[in-house]
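Read-outs throughout are calculated quantities, based only on the coordinates presented, and are distinct from any laboratory measurement. Since the structure is predicted, the reported quantities are computational estimates derived from the model, not experimental observations. As a convention, Cβ positions derive from the backbone with ideal geometry for all residues, glycine included, and neighbour counts pool all protein chains shown.
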């Protein structure tokens with residue numbers, strides 16, 4: 001049906017709104033565009049005393065030099081292992097715990113769920129010291145386990161799964177139980193197929209967040225071989241000179257995997273947003 005309300009909006013107002021949106025997008029993209037420019041600059045451009053927007057001679061060799069200056073293959077592998085393992089654990093445990101809070105009745109359920117949500121209100125800096133001491137006491141410093149295990153589950157992921165499971169009719173689950181299905185069978189056959197968009201969204205957000213995590217690896221990791229790419233970039237920080245061009249190249253290497261993952265999973269992300277709005 002034709003929307004006549006569009007005709008009542010003045011042309012100058014539509015043009016102004018469009019111009020403001022273009023300006024807003026440009027301002028949001030400006031740091032990324034300058035990072036691209038910085039990654040193609042030479043050391044001379046960095047010390048020229050002027051802001052170089054478009055290098056006269058783009059240094060494409062920077063994208064090769066970075067692999068020679070530091071073990072970036074190892075850094076990227078560590079980042080994929082850590083972020084991938086944490087995302088996998090979230091996908092396994094968060095839907096199960098969300099199902100328990102959404103569809104099972106037991107004493108203290110509301111109090112436990114409130115306590116779980118309260119963890120979302122605590123900044124990570126408050127939990128950092130006790131978490132580090134606990135990790136050190138069990139001998140997990142400078143290990144994959146120490147980097148992964150403290151983030152195996154999240155209050156946000158459990159809350160997200162619970163909200164998607166709540167609208168599933170209880171009668172449907174009871175019918176499956178009457179047919180002889182146990183709770184795991186009910187979850188696997190009835191609940192889980194309806195959670196695919198939400199699980200894909202959870203995996204995407206978790207992977208991107210963990211792939212870019214800096215503080216915890218900085219505290220836990222002491223050897224160069226265990227560094228993810230976020231802390232591996234600190235190798236280019238020297239006493240009198242920071243190699244910002246190579247640091248920007250490393251930033252591009254961090255950005256590309258997250259971009260490809262989002263392009264692959266965006267249809268699941270959009271679908272989960274639409275379903276959450278319908279519910």
Worksheet item: Modelled label-to-label distance, residue 133 and residue 168, 7 Å Cα→beta-carbon offset: nm?
Response: 4.0
Worksheet, complete the sentence: Simple SL model, points at 7 angstrom along Cα→Cβ for residue 88 and residue 125; separation in nm is 3.4
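Please tell me the relative contact order of the chain in percent, rounded to the nearest whole number, where contacts are Cα pairs under 8 Å and at least six residues apart.
Values: 240 pairs, mean separation 83.0, N = 279.
RCO, the chain: 30 percent.
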Worksheet item: Build a GNM of the chain with springs between Cα atoms under 10 Å: which of 140, 233, 204 gets the top mean-square fluctuation?
Response: 140
Practice prompt. Return the calculated 222 nm mean residue ellipticity for the chain, to the nearest 500 deg cm²/dmol, obtained by summing -39500 (n - 2.57) across DSSP H runs with n ≥ 4 and dividing by the residue count.
Written response: -21500 deg cm²/dmol
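With 10 angstrom as the radius, rank 13, 141 by how many other C-beta atoms surround their C-beta, starting from the fewest. If you can, show how the numbers build up before the last one.
Values: 13 9, 141 17.
The fewest-first ordering by Cβ neighbours comes to 13, 141.
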Worksheet item: Just 183, 69, 50 to compare: in a GNM of the chain, with alpha carbon springs under 10 Å, which one fluctuates most?
Response: 50
Discussion item. Using the Cα atoms of the stretch 1-157, I'd like the radius of gyration and the largest Cα-Cα distance, Dmax, both in angstrom.
Written reply: 25.4, 69
Item to complete: Could you grab the relative contact order for the stretch 1-84? Cα pairs under 8 Å, six or more apart, rounded to a whole percent.
Response: 18
Worksheet item: By how many nm would the segment from residue 219 to residue 24 grow when fully extended, if each residue of separation counts as 0.36 nm and the alpha-carbon distance is taken off?
Response: 66.6 nm
Discussion item. Using 0.36 nm times the number of residues separating residue 258 and residue 152, minus their current alpha carbon distance, what extension gain do you get?
Written reply: 36.2 nm
Discussion item. Using a Gaussian network model on the chain with a 10 Å cutoff between Cα atoms, which of 84, 139, 251 fluctuates the most?
Written reply: 139
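Sort the chain into rounded, prolate or oblate with this rule: let a ≥ b ≥ c be the square roots of the eigenvalues of the Cα gyration tensor; rounded if a/c is under 1.5, and if a/c is not under 1.5, prolate when a/b is larger than b/c, oblate otherwise. The partial results should precede the final answer.
On the way: a/c = 2.55, a/b = 1.31, b/c = 1.94.
Because a/c hits 1.5 or more and a/b fails to exceed b/c, the chain counts as oblate.
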Response to the item:
The Rg/Rh figure for the stretch 19-100, Cα atoms and Kirkwood Rh, to two decimals is 1.21
